[in-house]
């Protein structure tokens, strides 16, 4: 459980998220893949914070900024899902291939 | 102990991330997302950030994931009934096991659930609070404003659907 393995794990989760955005055509799954990217970044940041010492009795800035990452993730999920619902009302589909922007 | 927890949770996180991306229906992706959040929470607990692991479960699984599932069910993409019937017993067993695991430390050592600090030193959660409302107070308040205006913006976007 050294710094390298935590960073590789975070990068792996983020890469799977990017893969989801590139491969899937469902808007909700694409938004969930976006959350995966953010979560992978948070894991990497926490690994960096852990490398400065035990987290039980100190709070480095890396661990302190993770609630703000969650805040941004919550905000983009809220706005994204609102936009998806609005798009669904006008386009009647969730698949990006079937949407037309005329 | 934390080493075992870390590797177990990282396997859970990576497998369920693949499950999110490659499951055929959005509803199945949402359930894989719950497993993913459990894995991430376990990773954070193994790294020693106990408050963050609880916040991950509370904020993500309690708020964001419920929002996702609400939207998916609203769009009418639900699991077939037959599939849900097969999963019901497994889900009940999993929930019972989860409750037992949560209750075990309460029964056996109620005072040692979380590592306490030495006398006079601040605990983990107190340190978080003192940093967030001390050095980073402006950032915390700006975050609160962002959440407030996200709510207002979502309300506005959904209200004026004719203009989009």
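Bear in mind that the values in this text are calculations on the coordinates, not laboratory data. On a predicted model such as this, the values are computed, not experimentally measured, just so you know. Virtual Cβ from ideal backbone geometry, glycine too; neighbours counted across all protein chains shown.
I'd like to know how region B:28-68 sits against the 2.2 N^0.38 Å rule of thumb: what's its Cα Rg over that expected value? Numbers along the way, then the final one.
On the way: Rg = 10.0 Å, N = 41, 2.2 N^0.38 = 9.0 Å.
It is 1.11.
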- Residue of A:51, A:33, A:14 that the Gaussian network model of chain A assigns the largest fluctuation, springs spanning Cα pairs under 10 Å: A:51
- Message: Given an 8 Å cut-off on Cα distances and at least 6 residues of separation, report the relative contact order of region A:29-86 as a percent.
- Response: 39 percent
- Message: Order B:129-141, B:35-47 from most to least packed using the mean count of other Cβ atoms within 10 Å.
- Response: B:35-47, B:129-141
- Message: Per q in 0.14, 0.16, 0.28 Å⁻¹, report the Debye log10 I(q)/I(0) for region B:4-79, using one uniform scatterer on each alpha carbon and no solvent.
- Response: -0.45, -0.58, -1.19
- Query: Roughly how crowded by other chains is peptide B:87-97, in terms of the mean Cβ count from those chains within 10 Å of each of its Cβ atoms?
  - Reply: 0
- Protection-proxy order for peptides A:1-10, A:91-100, each taking the mean of Cβ atoms within 10 Å per residue, highest first: A:1-10, A:91-100
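Give the average over all directions of the projected area of the C-alpha convex hull of the protein assembly as shown, one decimal, in nm².
Averaged projected area of the protein assembly as shown's Cα convex hull equals 16.3 nm².
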- Message: 7 Å from Cα along Cα→Cβ at both residue B:135 and residue A:101: what's the point-to-point distance in nm?
- Response: 4.3 nm
- Where a label projected 7 Å from the Cα of residue A:23 along Cα→Cβ would reach, residues of region A:66-102 with amide N under 18 Å: A:96-97
- Item | Kirkwood-based shape ratio for chain A, expressed as Rg/Rh from alpha carbons | 1.12
- Item | GNM flexibility winner over chain A from A:23, A:34, A:45 (Cα, springs under 10 Å) | A:23
- What's the average, rounded to a whole number, of partner chain beta-carbon atoms within 10 Å of each residue's beta-carbon in A:88-101? 1
- Query: Counting pairs of alpha carbon atoms under 8 Å apart in space and at least six apart in sequence, what relative contact order in percent does region B:23-77 give?
  - Reply: 44 percent
- Query: Taking one equal scatterer on every alpha-carbon of region A:1-45, how large is log10 of I(q)/I(0) by Debye at q = 0.15 1/Å?
  - Reply: -0.35
- Task: Return, ordered by residue number, the residues of region B:1-35 whose backbone nitrogen is under 12 Å from a label point located 7 Å along Cα→Cβ of residue B:101.
- Result: B:5-6, B:8-10, B:12-13, B:35
- Can you pull the mean other chain C-beta count within 10 Å for peptide B:22-34? 3
- When chain A is modelled as a GNM with alpha-carbon springs shorter than 10 Å, which of A:62, A:47, A:20 fluctuates the most? A:62
